[in-house]
Amino acid sequence: MGRNTRKRRSPLAVRAIAASAALAVAGGGLVWANFYASAGESKSKPNATLAAAQVATIACPDVGQKLTNVPRQARAGVAKELALLDRQITEAYKRLAETRQAQSRDANFVNNAILGPLKSKRSATIDRIGINIRRVGGQVPQGMAQLATCQSKTDQAQTNAGGAQQGGQQQGGQQQGGQQQGGQQQGGQQQGGQQQGGQQQGGQQGNNGQGQGQGGNGPVAGDFININQVQPNGGPKGVNGNGLAANGNGGSRGSFTTNCGNNKNEIRNSDNVIVAPGVSNGAQHQHDYVGNQSNNAFASDQQLANAQTSCQNQGDKSSYFWPVIRIQDGTQDIDQGKPGGGQDKNVGKIVEPNQVQLKFVGNKRGPVVAMPQALRIITGDAKAFVNGLGNANTNWSCTGFENRVVTDKYPICPQGSSVVRTSFFQSCWDGKNIDSANHRTHVSFVKGDGSCANGFKAIPQLQVRLVYSVPAPQIQNGQVKNAYAVDSFPENLHKPITDHNDFINFFNQNTMNKMVNCINNGQNCK
């Protein structure tokens, strides 16, 4: 594996970085873009220490989530345009991170050189989305043109670095999401200004110029919390009611467990056939795949149904995939500098989970019905840091402490304990569709009492538990050493709240019937 070295900055560059640069943004507020480590420059070193500098990112309205009624004939074309929107944001984010000296000289630089051109590109792409939809007789939602405008957003976890216990405040700020960030940004700017000369510059000197992990855009100290500092809270619950367990003491109490390994075959790519079919590197981050061995952006349902599977039960050719975890220990992986890897600011050593537990459970209110073949479910939101928490569904914990769960922090586990990621999927289905235009509205989470709203039908709930042995990050003086993080879109700064999980059902009918019967009859089957 390759090892990067970092260029030494000139004294002038260091002074420019240390200076606070007030940047005008689209919403009229200010954001401090003191880029201690830019996304384009940061290089890892052995035992790299990540500084708690304050960095801005770019938040754009999620156009795809607004498209709830795209005709099927238009979906392939729309998906390609949505992937282009993602790449446009990435390029703008990289430019934001790589031009901090120009920003320090010109308060209008971000508006004129980054956000303005980005809006123009997005406007043209959104127009093409409308053309795709109207061409086949569909209707374009009103207000689409307004979605072209993006903002600059401050990373509050960096502002609050060293205060990693303030998870509630962090989540509360994220909930404002999208276009409601103005107040949050200004508050962060003021704190950032107070920190500029002290902690941040000191971090630069103490680190001998080393940058943050993940290509210079996270994680930071404020993204971590010692699991011993988390109060017991009952275990996985997701966010805002997303990800509640569907099973209980009543209804259909059985379960069905499938063993599909932990990706020893190292089947990985940065595609996402659900949200970006036909688009190479549509996810811009690497996924681990277990189960179906042929999942890529170009796989058809027929190809997936006929593929090989890593599951012991050969009746399960379903695809289970999630973003990889990387360790920031100074080493790189085989995708260094490649799409989905270093090119998209996902750097470090990929670690596969020690354990992958895939279990389907019932519904506390009554029986479940079979899932249709090729049903697609995405749980969580890879863009939750900039989107807000509407679709977030994260649960982070440690073995031996799984009654203590955090959603917006990575846990620091004690010696002998491992990191745990848990995802409870949507388990209510509209009874008709295997997917929807925004990949959300054909399924939903159970309500607190286990019932399904809007006439949806209860289906088996997939519960995924992933266990990782990673070195415990060390935090000292607002800095984190040997961090770990999930892969993400660059502008989402590798935040723990962006964790997500994906599933495409390719159980054959006999195995699916066995699953449903086991669950409804209260049996525990494999």
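What follows draws every value from the coordinates through simple rules; no lab data is involved. Source: prediction; values computed, not measured.
Under 19 Å from the Cα of LYS94, which lysines turn up, not counting those fewer than eight places away in the same chain? Candidates past the 8-residue exclusion: LYS7, LYS43, LYS119, LYS121, LYS153, LYS338, LYS345, LYS383, LYS495. Contact order for the stretch 234-357, expressed relative to its length and based on alpha carbon pairs under 8 Å spaced 6+ residues apart, stands at 24 percent. LYS514: which lysines have alpha carbons under 29 Å from its alpha carbon, excluding same-chain residues fewer than 8 sequence positions away? Within the straight-line cut-off, LYS514 pairs with LYS237, LYS264, LYS317, LYS359, LYS364, LYS432, LYS447, LYS457, LYS526. Taking 12 Å as the straight-line reach from the Cα of LYS349, the aspartates and glutamates in range (excluding those fewer than 8 positions away in the same chain) are ASP329, ASP333, ASP335, ASP487.
Taking all pairs of different Cα atoms in the stretch 274-429, averaging 1/r and flipping that mean, what Kirkwood radius in angstroms comes out? One over the average 1/r among Cα pairs gives 17.9 Å for the stretch 274-429. Overall form of the stretch 208-357: oblate. Here a/c, set by the Cα gyration tensor axes a ≥ b ≥ c, is 1.5 or more, and a/b is not larger than b/c. The stretch 383-445 and the stretch 264-278 have their alpha-carbon centroids 19 Å apart. For the stretch 229-237, the Karplus equation 6.51 cos²θ - 1.76 cosθ + 1.60, evaluated at θ = phi - 60°, returns couplings of 8, 9, 6, x, 9, x, x, x, 9 Hz by residue, with Gly and Pro reported as x.
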